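Here the structure is laid out as structure tokens; the discussion comes afterwards.
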Amino acid sequence: MVLDLNKLAHLIAVAEEGGFTRAARRLHLSQQALSTSIRALEREVGVDLLDRSGAKLTVLPAGEALIADARLLHGAARSALLRARRIGRGEPEVLRIGHTPAVAGDEVISLVHRVHDARAELSTQVNQRYPDELTEQLIAGELDLGLCRGMEPEPGLTRATLAHHRLRVAVADGHRFARRESVELGELADETIVVWGRPGRSGYTDLLVSHCRRAGFEPRVRRNPIQGTPPVTAVQGGGDVAFVTAPAGPSLGGAVRVVDLEPATFAPLHALWPAHTRSPAREDFLVAATER
């Protein structure tokens with residue numbers, strides 16, 4: 001039995017729109033045609049996928065499972081289509097990379113340059129994405145590779161560790177740590193630490209919190225209200241501290257100082273990619289970017 005990708009797309013639309021009316025409008029179909037498609041899909045699968053009995057349509061567990069796999073199938077099909085089209089037209093391969101705010105732009109560019117040293121003709125497109133967006137676009141086949149820290153891969157995504165980067169502390173130039181060569185991790189117990197994701201909802205924040213707990217204290221954290229900016233900017237003009245992977249020394253024209261953290265503490269750099277897609281450029285990137 002082969003599932004029809006169009007019918008799967010119809011099921012996804014109904015689930016996302018919460019009903020047939022808006023889904024039909026989105027798909028440019030009549031409600032009758034959309035309902036017939038979903039009924040046909042349910043017959044093919046052999047079980048009900050939607051509960052239509054209540055005032056509000058509900059996706060049944062079988063439907064949720066099929067939708068999760070359908071998104072992966074659509075992403076793989078999209079990647080296969082674009083790959084075949086590119087090869088048939090003789091176009092160069094472009095590696096589409098997304099990175100979360102936890103991975104600074106200069107770190108990504110450094111990796112890209114390292115890959116270009118090994119494969120000078122490789123074209124890349126690099127864009128920052130928040131973690132949820134990164135996962136969604138990888139699954140949808142809109143990105144070939146994601147760079148992050150501490151994110152657990154969703155089903156259908158593969159994760160590998162490229163490197164471990166030393167964590168340091170960023171503070172405003174007037175902070176009491178600003179003239180220090182190093183700061184003990186335990187000294188942060190009395191500080192407010194700026195993070196980008198809420199504890200329990202961000203793998204990277206949870207990793208930083210775990211480092212603090214191992215040092216013997218429960219950290220006081222504050223989520224940065226300005227999202228999408230480089231980590232060193234989080235403390236500019238304020239009295240908080242932030243974990244960064246930037247080199248020690250002045251930053252932002254001297255407005256911020258980056259200070260070594262002792263004992264040496266590290267954060268992993270992870271790569272994420274769709275498990276069932278093919279990309280020679282991605283394979284070359286992973287080989288060149290992985291620390292040995």
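Report, in deg cm²/dmol and to the nearest 500, the calculated mean residue ellipticity at 222 nm for the chain, where each DSSP H run with n ≥ 4 adds -39500 (n - 2.57) and the sum is divided by the residue count. Can you show the working numbers first?
Details: 8 runs with 110 residues, N = 292.
Taking each H run of at least 4 residues, the total per residue is -12000 deg cm²/dmol.
Rounded, prolate or oblate: which fits segment 85-235 when a ≥ b ≥ c are the square roots of the eigenvalues of the alpha-carbon gyration tensor, with rounded for a/c under 1.5 and prolate only if a/b beats b/c?
Details: a/c = 2.61, a/b = 1.91, b/c = 1.37.
Judged from the Cα gyration tensor, segment 85-235 comes out prolate (a/c at least 1.5, a/b above b/c).
State to the nearest 20 debye the size of the charge dipole of the chain about its Cα centre, where the only charges are +1 on K and R beta carbons and -1 on D and E beta carbons.
520 debye
Of the beta bridges DSSP finds with both residues in segment 1-147, what % are antiparallel, to the nearest 5?
Of all bridge pairs located within segment 1-147, approximately 20 percent are antiparallel.
Determine, from the Cβ-Cβ distance of Ala62 and Arg119 and an R0 of 45 Å, the FRET efficiency 1/(1 + (r/R0)^6), rounded to the nearest 0.05.
0.50
What percentage of all Cα-Cα pairs in segment 168-264 are separated by more than 20 Å?
Looking at segment 168-264, the distances longer than 20 Å represent 29 percent of pairs.
Under the rule of at least 5 residues apart or a separate chain, name every residue whose amide H is placed under 5 Å from the amide H of Thr158.
Trp273, Ala275
To check you understand DSSP bridge types, tell me what percent of the beta bridges within the chain (both residues inside) are antiparallel, rounded to 5.
Beta bridges within the chain, antiparallel portion: roughly 60 percent.
Quick one: Kirkwood hydrodynamic radius for the chain, alpha-carbon pairs, angstrom, one decimal?
For the chain, inverting the mean 1/r across all distinct Cα pairs yields 21.7 Å.
Sort out for me the Cα centre separation of segment 39-100 from segment 118-157, rounded to whole Å.
Taking the Cα centre of segment 118-157 as reference, the centre of segment 39-100 is 18 Å away.
Arrange the peptides 103-110, 176-183 so that the one whose residues have, on average, the most other Cβ atoms within 10 Å appears first.
Details: 103-110: 15.9, 176-183: 13.8.
Averaged packing, sorted descending, gives the order 103-110, 176-183.
Show me the three semi-axes of the equivalent ellipsoid for segment 1-155, from the C-alpha gyration tensor (sqrt of 5 times each eigenvalue), largest first, rounded to whole Å.
Equivalent-ellipsoid dimensions as semi-axes: 37, 19, 13 Å.
For Gly197, list long-range residues whose amide hydrogen, built 1.01 Å from N in the peptide plane, is under 5 Å from its own amide hydrogen.
Result for Gly197 returns Thr205.
Give the dimensionless ratio obtained when the Cα radius of gyration of segment 5-84 is divided by 2.2 N^0.38 Å.
Numbers: Rg = 12.8 Å, N = 80, 2.2 N^0.38 = 11.6 Å.
Cα Rg divided by the expected 2.2 N^0.38 Å: 1.10.
Fewest Cβ neighbours within 10 Å first, please rank His116, His10 accordingly. If you can, show how the numbers build up before the last one.
Working: His116 15, His10 25.
Ascending Cβ contact count within 10 Å gives the list His116, His10.
Using the beta-carbon distance between Glu133 and His276 and R0 = 22 Å, what value does 1/(1 + (r/R0)^6) give for FRET efficiency, to the nearest 0.05?
Efficiency at R0 = 22 Å is approximately 0.60.
Rule-based calculations on the coordinates, nothing more; no lab input. Here the structure is a predicted model, which is why all the values come from computation and not from measurement. Every residue, glycine as well, gets a Cβ built from its backbone with ideal geometry; the counts of neighbours run over all protein chains shown.
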